[in-house]
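This report refers to the structure that appears directly beneath it.
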Amino acid sequence: MLKYAALRERLWGHPTIDLVVPEAATDAQLARVHTPSYLAAALSGSLGPAAVRRMGFPWSPELVERSRRSVGGTVSAGRVALGDGWAVNLAGGTHHAYPTHGEGFCVFNDVAVAIRDLQNDGLLTRVAVIDLDVHQGNGTAAVFSGDPTVFTLSVHGASNYPFRKERSDLDIALDDGTHDGPFLDAVVSGVRVALASRPELVFYLAGVDPYQGDALGRLGVSAAGLAERDRQVYDLCERAGIPVATVMAGGYAPDVDIIADLHATTVREAARRWSLTRPAQLLDPWTSRP
């Protein structure tokens with residue numbers, strides 16, 4: 001999508017940001033979440049027509065590489081955040097992907113793979129997923145259903161996609177047109193509950209599709225409201241001493257410059273806090289140059 005190039009351009013040359021190209025996710029990492037049959041079909045291009053329609057993208061080798069790199073960025077962001085306190089993947093947030101299939105323009109579930117990879121390597125046990133994309137993270141909720149080591153929070157539009165929702169540990173569903181005040185109240189109350197689960201790491205899906213001008217959002221949150229959302233999330237995590245790995249998730253305003261500006265605000269807020277001690281490291285799955 002054009003928004004990723006536009007976002008990178010806004011961050012290139014920032015004095016406290018280092019752009020780093022991560023490794024693509026391996027088959028072994030993807031298999032920590034996705035079933036062998038789905039992986040084989042997705043990687044080889046042998047998905048059936050119904051599966052391709054459900055995923056939302058036509059299959060291509062480039063799609064597989066793009067998806068691997070997006071997941072690899074989130075895996076790397078989690079590892080960096082554990083060591084340094086903060087990290088950002090300039091992509092990711094593909095929270096509609098299930099173990100058995102892709103869905104909603106999501107091929108692999110990057111946050112789920114990153115969590116399982118970190119747990120497998122013994123780097124952490126308890127994790128919280130703070131999903132503030134306007135669409136419920138149904139795939140993520142399904143992956144971790146019944147798993148006491150992962151707390152899933154989703155603050156989303158009640159009547160928005162997906163129309164059949166899964167059950168997160170905490171779902172806060174908002175009416176169409178919800179504006180800044182009620183939105184921020186929901187975010188703060190939800191994040192406090194998530195952090196009470198005592199995670200060792202937070203994955204923050206900082207979707208900008210709650211924005212009032214988003215083509216798919218249906219909420220009424222202003223740009224200032226989204227910026228305050230980021231401040232509140234980072235404040236609460238910082239006070240609790242919990243590292244945060246941020247991924248971009250959704251954003252579908254008709255003007256790509258608006259989407260890129262909103263995403264850049266999230267990244268700069270993370271970098272502002274992080275740069276008090278060291279340069280911020282951003283994982284850019286596409287390239288290290290604009």
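Every number in this text was worked out from the coordinates using simple rules, so none of it is lab data. Since the structure is predicted, the reported quantities are computational estimates derived from the model, not experimental observations. For neighbour counting, all protein chains shown are included, and Cβ atoms are generated from backbone atoms with ideal geometry for every residue, glycine included.
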For segment 123-205, the percent of all C-alpha pairs falling in each 10 Å bin, from 0 up to the bin holding the max distance, is 20, 52, 25, 4, 0
Dividing the surface of the Cα convex hull of segment 163-223 by four yields a projected area in nm² of 4.8
In deg cm²/dmol, rounded to the nearest 500, the helical mean residue ellipticity at 222 nm of the chain, built from -39500 (n - 2.57) for every DSSP H run of length 4 or more, is -13500 deg cm²/dmol
Under 20 Å by backbone N from the virtual spin label 7 Å along Cα-to-Cβ at VAL52, the residues of segment 1-17 are 1
Under the Karplus relation with 6.51, -1.76 and 1.60 and θ = phi - 60°, whole-Hz ³J(HN,Hα) for segment 203-219, x at Gly and Pro, equal 9, 10, 8, 9, x, 9, 7, x, 4, 4, x, 6, 5, 10, x, 6, 9
Taking segment 2-283, the whole-percent share of alpha-carbon pairs separated by over 28 angstrom is 29
If exposed means chymotrypsin sites (Phe, Trp or Tyr not before Pro) lying in a DSSP loop and surrounded by at most 13 other beta carbons within 10 Å, then the longest stretch of the chain lacking such sites spans residues 164-290
Here the relative contact order (percent) of segment 141-251, from C-alpha pairs under 8 Å and at least 6 apart, is 27
Classified through the alpha carbon gyration tensor (a ≥ b ≥ c as square roots of its eigenvalues; rounded if a/c is under 1.5, else prolate when a/b is larger than b/c, else oblate), segment 45-145 comes out prolate
The ³J(HN,Hα) series, computed from each phi in segment 225-230 with the Karplus coefficients 6.51, -1.76 and 1.60 at θ = phi - 60°, rounded to the nearest Hz and given as x for glycine or proline, is x, 5, 5, 5, 4, 4
Expected sort for 215-225, 239-249 on mean C-beta neighbours within 10 Å, highest first, is 239-249, 215-225
Magnitude of the Cβ-charge dipole (Lys and Arg +1, Asp and Glu -1) of the chain about the Cα centre, nearest 20 debye, reported as 380
With the convex hull built on the alpha-carbon atoms of segment 126-270, volume per residue in Å³ sits at 87
Checked against the positive end of the charge dipole of the chain (+1 on Cβ of Lys and Arg, -1 on Cβ of Asp and Glu, about the Cα centre), the farthest of ALA227, VAL134, LEU47 is LEU47
Percent relative contact order for the chain, counting Cα pairs under 8 Å at least six residues apart, stands at 27
Exposure proxy check on GLU9, GLU103, GLU228: fewest-to-most Cβ neighbours within 10 Å is GLU9, GLU228, GLU103
